[in-house]
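> The structure's right below; bear with me while I get my questions together.
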Amino acid sequence: MNILNKTLKILQSFFLGIFMISFAIAFVILFRPYYYLNISILNLEQETGYSYEVIKDAFDDVMDFLVLNEEFGTGELKYSEDGKSHFEDCKKLFTFDFVCLYISSLFLIVIFVLKKTKIIQLEYKKFSPGIYAIIWVGAAFLVLGIWGIIDFDSLFTAFHKVCFPGKDNWIFSPTKDQIINILPTQLWMNYCILIVFILLIFIASFIIIEVYRKNELKKAKEVEHV
């Protein structure tokens, strides 16, 4: 039973971390108003010479392809077959993130139900799985964050080499694949900032829950000794 409990707690920490990361990424993917806001923040109309409507329509077409499985397009902007091929690769990554979110959510829901119905008993003597989750997730993103602050371009390049091994179709030509003109490096930095912000909300929430849990355990022990 102890081995089962330890295994379940390790899995809880792992899937909580996966849930945090995949949720943050999925939120950024699905929350299109954040991109629309960046059109103004990054002065994309002035920088590209495209109107707001052209930029928005091009972005929406790409996202409809990536998320809603609609036919690929970039609005009024030109694209090449290599560019289209890259977005097909991106679509696989998006799907992978959504699958991770679904699987981690399902696992956590099942564990919650099993605990509530007392089918399984899980005791957290030191820390809850949420604390262990934020430790490994926080450590990973701290390393990536420091790397990004020092040299975001090298982090960006390394990400593409890892996620798209052996391919260079992610290196767009501004004339052949005009979509790249409305997806500047600063935009990806802003997306990363939003992801980190969401993760910080998770971290703060888990810490507050842990403090509350510790206080309740302390009160319970004081009652026992009365």
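The values are calculated or read from the model by the stated rules, or taken from the named source; none is laboratory data. From a predicted model like this one, the values you see are computed outputs, not experimental measurements. Methodologically, a virtual Cβ is constructed for each residue, glycine included, from the backbone with ideal geometry; neighbour enumeration extends over all protein chains shown. Please note that ligands, DNA and RNA were not included when accessible areas were found on the heavy atoms of the full protein model with its side chains. Shrake-Rupley method; radii C 1.70, N 1.55, O 1.52, S 1.80 Å.
> Restricting attention to the range 161-179, and to residues there that are free of Cβ contacts under 8 Å to residues at least 60 places away in the same chain and part of a helix (DSSP H, G or I), which single residue is nearest to Ile135 (Cα to Cα)?
Val162
> Given Glu210, Glu216, which one is part of a helix (DSSP H, G or I), of a type in the set (Asp, Glu) and touching a helix residue (DSSP H, G or I) at 6+ places or on another chain (Cβ under 7 Å)?
Matching residue, one of Glu210, Glu216: Glu210.
> Is it fair to say Leu155 is surrounded by 17 or more Cβ atoms within 10 Å (Cβ to Cβ), in contact with a Gly (Cβ under 7 Å, 6 or more places away or on another chain) and under 30 Å from Gln178 (Cα atoms)?
yes
> Using beta carbons and a limit of 8 Å, which pairs, at least six apart or on different chains, have the first residue in the range 35-49 and over 15 Å from Leu194 (Cβ atoms) and open to solvent by 70 Å² or more (accessible area, probe 1.4 Å) and the second one part of a helix (DSSP H, G or I) and modelled with pLDDT of 95 or more?
Note: pairs meeting the criteria are Glu45/Ile39; Glu45/Tyr52; Glu45/Ile55; Glu47/Asn181.
> Kindly provide the set of residues from the range 130-151 that are free of Cβ contacts under 8 Å to residues at least 40 places away in the same chain and either assigned to a helix (DSSP H, G or I) or closer than 15 Å to Ser104 by Cβ (or both), ordered by number.
Ile135, Ala139, Ala140, Leu142, Val143, Leu144, Ile146, Trp147, Ile149, Ile150
> Looking at the range 1-24 only, could you name the residues that are of a type in the set (Val, Ile, Thr), surrounded by fewer than 21 Cβ atoms within 10 Å (Cβ to Cβ) and under 14 Å from the mean Cα position of the chain (by Cα)?
Ile18
> Hey, among Leu108, Leu122, which residue is in contact with a Pro (Cβ under 9 Å, 6 or more places away or on another chain) and either hydrophobic (A, V, I, L, M, F, W, C) or modelled with pLDDT under 85 (or both)?
Selected residue: Leu122, the only one of Leu108, Leu122 that is in contact with a Pro (Cβ under 9 Å, 6 or more places away or on another chain) and either hydrophobic (A, V, I, L, M, F, W, C) or modelled with pLDDT under 85 (or both).
> Further, regarding this structure: Identify the residue in the range 163-222 that is open to solvent by 80 Å² or more (accessible area, probe 1.4 Å) and charged (D, E, K, R) and, among all such residues, is farthest from the chain's Cα centre (by Cα).
The selected residue is Glu222.
> Scanning the range 70-123 for residues that are in contact (Cβ under 8 Å) with a residue 60 or more places away in the chain, in a loop (DSSP other than H, G, I, E, B) and of a type in the set (Val, Ile, Thr), which turns out surrounded by the most Cβ atoms within 10 Å (Cβ to Cβ)?
Within the range 70-123, the match that is surrounded by the most Cβ atoms within 10 Å (Cβ to Cβ) is Thr74.
> The conditions are (1) assigned to a loop (DSSP other than H, G, I, E, B); (2) without any contact (Cβ under 8 Å) to a residue 40 or more places away in the chain; (3) hydroxyl-bearing (Ser, Thr, Tyr), and Ser154 fails exactly one of them. Which is it?
Condition not satisfied by Ser154: (1).
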